1. In nm, to one decimal, how far is the modelled label at Arg146 from the one at Gln131, with both set 7 Å along Cα→Cβ?
2. Limiting things to C-alpha atoms, what are the Rg and the maximum Cα-Cα separation (Dmax) for the chain, in angstroms?
3. Contour minus end-to-end for Leu256 and Thr34, with contour as 0.36 nm per residue of separation and end-to-end as the Cα-Cα distance?
4. Report, in whole Å, the centroid distance computed from the Cα atoms of the range 72-87 and the range 229-278.
5. Output the pairs from Lys220/Lys283; Lys113/Lys172; Lys126/Lys236; Lys225/Lys283; Lys37/Lys227 with a Cα-Cα distance over 19 Å in this structure; if there are none, say none.
6. Taking a ≥ b ≥ c as the square roots of the eigenvalues of the Cα gyration tensor of the range 170-288, is the shape rounded (a/c under 1.5), prolate (a/b larger than b/c) or oblate?
7. What fraction of the DSSP beta bridges in the chain is antiparallel, stated in percent and rounded to the nearest 5?
8. Using a 1.4 Å probe on the protein chains only, how many percent of the accessible area of the chain belongs to carbon and sulfur?
Amino acid sequence: MTQRIGFIGLGIMGQAMAANILKHGHALSVYNRTAGKAETLRAAGAQVVDTPAQLADASDIIILMLTGQEAVDAVLHGEDGLLHGNCAGKTVINMSTVPPACSKDWAAALAGKGITMIDAPVSGSKVPAEQGTLVILAGGPEDAIRAQEPLLLSMGRKVICCGESGSGSSMKLAINLLLGIMMEGMAEAVHLAERSGLNVETLLDAVASGPLACTLFQLKENMFKTKAYPPQFPFKHMAKDMQFVIAAARENGAHLPLGNELAGLFSPDADAALLEQDFAAVKTLLEQA
Ligand code: NAP
């Protein structure tokens, strides 16, 4: 029987991921809190529903790509939430970045209702989401993950089974810690080069030509050249994730000197305009210091 897919959360990432699911020929229903964001997908052939509960009724597999734990809780438990619909026997795949403890708690609570929950956050930003080349970090029962691999591979190029429920979320935090360190390192290198009177384009060329060349720096090159930071991975999401990283370090006894510094830079209390820009805009904090 063909699986009916439901997708909730049509933000920067969700729009592109849902579009790729459609392109792979799956029957797709979508819901977004701000209804207007569903129109492009409606035009591409998706069924648009008015509530998460209706989406549960219309789907066998339900994918969530939401801001964080409050949003997932609201979609699961809110008025007209998913759990008010017909979810028994179905699979919920939460691809949002959330604390591992939340993923574990939701998986246990939903298992009690006959629902399988997989945590499957992604490594990769707007461009890999559009290209369908995300790396999917999955936690939960391996047979349930492997059963959804063809669907997941419509959005990504690789599915990595990380272990039990919550381990996908843990893996995502470790990766985002490294991402933050790399971005801050690049921002500091560009900043030092500028203050030393070097041409930024020459520095970027030197980095791209040597052993430090990587996709991340390539994706952000133009932002450093133009000093414009349109959001691909918004600063506010990195600030949210650094809070999760610090909490996870505390829970697990991990010593993260750079992580602690980064949490101060990528802070949810940053200037409101900065929070909406791409996280590469961390460089503006160096310029202002
Ligand atoms: P985004 O553009 O801010 O979209 C967030 C989505 O969550 C929107 O659809 C929003 O609905 C929905 N939402 C928020 N609060 C809600 C609530 N209370 N009830 C219902 N829906 C709610 O975020 P994004 O960049 O796509 O990121 C989504 C997730 O992926 C986040 O966990 C992020 O950390 C992670 N991630 C992002 C990137 C990236 O590069 N952007 C990369 C990897 C992972 P509205 O449209 O109504 O606001």
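The values are calculated or read from the model by the stated rules, or taken from the named source; none is laboratory data. Remember, it's a predicted structure, so these values are computed and weren't measured experimentally. We place every Cβ from the backbone using ideal geometry, glycine too, and count neighbours over all the protein chains shown. The protein model used for the area step is the full one, side chains on, heavy atoms only, and it has no ligands, DNA or RNA in it. Shrake-Rupley method; radii C 1.70, N 1.55, O 1.52, S 1.80 Å.
1. With each label point 7 Å from Cα toward Cβ, the separation is 3.0 nm.
2. 19.6, 64
3. 76.1 nm
4. Answer, in whole Å: 28.
5. Details: Lys220/Lys283 12 Å; Lys113/Lys172 27 Å; Lys126/Lys236 15 Å; Lys225/Lys283 12 Å; Lys37/Lys227 28 Å.
Cα-Cα > 19 Å for Lys113/Lys172; Lys37/Lys227; rest within.
6. It comes out prolate by the Cα gyration axes.
7. Details: 4 of 29 bridges.
Around 15 percent antiparallel, to the nearest 5.
8. That share works out to 54 percent.
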